[in-house]
1. Starting from region 265-287, take each residue that is over 17 Å from Ala251 (Cα atoms) and list its partners that are among the charged types (D, E, K, R) and in a strand (DSSP E or B), counting only C-beta distances under 7 angstrom and pairs at least six apart or across chains.
2. Filtering region 71-89 down to residues that are more than 15 Å from the chain's Cα centre (by Cα) and polar (S, T, N, Q), which residue is surrounded by the fewest Cβ atoms within 10 Å (Cβ to Cβ)?
3. Restricting to region 259-281, name every residue that is buried (at least 16 other Cβ atoms within 10 Å of the Cβ) and at pLDDT below 95.
4. Just to be sure, is Asp93 part of a helix (DSSP H, G or I), touching a residue at least 60 places away in the same chain (Cβ under 8 Å), over 29 Å from Cys145 (Cα atoms) and over 19 Å from the mean Cα position of the chain (by Cα)?
5. Among the residues of region 186-196, are any in a helix (DSSP H, G or I), more than 21 Å from Ala71 (Cα to Cα) and touching a residue at least 24 places away in the same chain (Cβ under 8 Å)?
6. In region 162-185, how many residues are part of a helix (DSSP H, G or I), on the phi < 0 side of the Ramachandran plot and either surrounded by 14 or more Cβ atoms within 10 Å (Cβ to Cβ) or of a type in the set (Asp, Glu) (or both)?
7. Test of understanding: among Gly68, Gly109, which residue is over 11 Å from the mean Cα position of the chain (by Cα) and touching a residue at least 12 places away in the same chain (Cβ under 8 Å)?
8. I'm trying to understand the selection: among the residues of region 43-77, which are out of contact with any helix residue (DSSP H, G or I) (no Cβ under 8 Å at 6 or more places or on another chain) and not in a loop (DSSP other than H, G, I, E, B)?
Amino acid sequence: MAATTTVTVPHLGGITAGYALSGGSYDASKPTCVLINSMCTTVSLYKTQFANKELTDAVNLLAIEPLGHGATSCPTEHFTYWDTAVMALQVLDKLGIDKAYALGTSQGGWMVARMALLAPGRIQGLLLLGTSMDFESADSRSKGCWDPKTLLTPFYDNWCSPTPTPDFVVDDVWCGMVATLGFGAAGTAELVSFWTETVKTVYTGDEGRKKLKMALACLLDRDGLLRRVRDIVCPIRWLQVYATLSGTEDAPYGTQIPVEQIKLFTSSKDATLTMIEGGNHYLNATNPAEVATALLDLVNKYK
C-alpha cells in the first residue's frame with residue numbers, strides 16, 4: 001500500500017511527501033540510501049529490502065514516493081521528474097540527513113540521476129535498476145526500447161476531463177500493466193492482486209484521476225539526460241536484465257541501451273553495469289539478493 005508517514009517540504013508551495021524509513025527513525029551512525037519507486041507503485045515496492053536485516057543493519061533505507069504516487073501530493077496539478085528530485089532532497093533536509101546514496105527502479109532511475117545532478121555534493125552513489133537515461137527517442141526505440149507514447153497515450157486521453165470525476169477508479173487493464181510489465185513471469189496472482197488493490201486505492205476520485213494523469217504525463221513528456229550524465233561525479237552501479245524469467249529481455253529497455261549509456265558517465269570515478277539473468281524489469285523485487293549485494297558493495301566501498 002502507500003506510505004503511512006508523510007512530511008511537508010516547501011517545493012511547489014508545499015508538498016506532502018509520503019515516505020518509509022527503516023527502523024522508524026534516522027540513525028546518524030549509518031549511511032542512508034534513498035529508494036525511489038517505479039511507475040504507479042509505492043514504498044511497498046521495497047518491502048523485501050526493508051525486511052532484509054543485513055541491509056537495514058548497515059544502512060538507513062528511506063523510500064520516498066514521487067509526485068503522482070502513493071501518499072505524496074502537492075497543491076499544483078503540474079510537476080516534472082525534476083520536481084520530485086528537489087522534493088526528495090528536501091525530505092532529506094527535513095529528516096536531518098546531509099548525504100545519501102540513491103537507488104531508483106525504472107522511472108526511479110531518472111529521478112535519482114536528477115538528484116545527483118542537482119546536489120552532487122550530497123549524493124554519494126547511485127544504484128540504477130532497469131532504466132534508461134534517454135527518453136524514448138527514435139534512437140532508443142531502434143535499439144530495443146519500448147514506445148510508451150503509442151501504447152499509453154490513449155490512457156492519458158481517457159483520464160483528461162473538463163469536469164470533476166468524483167466516481168473515477170482506475171481500470172483493471174492499467175492495474176494489470178503495472179504488475180505484468182514490471183514483474184513479468186514473477187508476477188504471481190497474489191502479487192497482481194496486491195498491486196491492483198494498491199493502484200485502485202491511490203488513484204480514485206477526481207484527485208486520484210489528476211494524480212494519475214500527471215504521473216503519466218511526466219513519463220510521456222520527460223526530457224532525456226544523455227547530455228547531462230557526464231556531469232554526475234558519484235560512483236554508479238547499474239543493474240539490468242539480459243534474460244528474464246520468461247526467457248526474454250527487459251521489455252521496456254532491452255539490453256543495448258544500458259551498455260551504451262553506462263559509458264556516458266565520464267565524470268564518475270566508478271561506473272559499472274551488471275547484466276542479470278533470470279529476473280525482470282523491477283529488479284529490486286525479482287532479484288533482491290543481487291540488488292542487496294550491489295548496494296552493500298557500493299556503500300562499503302565509498303562510505
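The values are calculated or read from the model by the stated rules, or taken from the named source; none is laboratory data. None of the values given here were measured: they were computed from a predicted structure. Don't worry about glycine lacking a Cβ; one is built from the backbone with ideal geometry, like all the others, and counts go over all protein chains shown.
1. Pairs that qualify, where the first residue is over 17 Å from Ala251 (Cα atoms) and the partner is among the charged types (D, E, K, R) and in a strand (DSSP E or B), are Thr272/Arg237.
2. Ranking the qualifying residues of region 71-89, first place goes to Thr76.
3. Matches in region 259-281: Ile276, Gly278, Gly279, Asn280, His281.
4. Details: part of a helix (DSSP H, G or I): yes; touching a residue at least 60 places away in the same chain (Cβ under 8 Å): yes; over 29 Å from Cys145 (Cα atoms): yes; over 19 Å from the mean Cα position of the chain (by Cα): yes.
Answer is yes for this residue.
5. Taking region 186-196 as the starting set, the residues that turn out to be in a helix (DSSP H, G or I) are 186, 189-196.
From what's left, more than 21 Å from Ala71 (Cα to Cα): 186, 189-190.
Going one step further and asking which of them are touching a residue at least 24 places away in the same chain (Cβ under 8 Å), we end up with 186.
Yes: one or more hits.
6. Our first condition is that a residue be part of a helix (DSSP H, G or I); within region 162-185, this holds for 172-185.
After this cut, where a residue has to be on the phi < 0 side of the Ramachandran plot as well, the list is 172-183, 185.
Pick out the ones that are also either surrounded by 14 or more Cβ atoms within 10 Å (Cβ to Cβ) or of a type in the set (Asp, Glu) (or both) and you get 172, 174-183, 185.
Final tally of qualifying residues: 12.
7. Details: Gly109 fails: over 11 Å from the mean Cα position of the chain (by Cα).
Among Gly68, Gly109, only Gly68 is over 11 Å from the mean Cα position of the chain (by Cα) and touching a residue at least 12 places away in the same chain (Cβ under 8 Å).
8. Val43, Lys47, Lys53, Asp57
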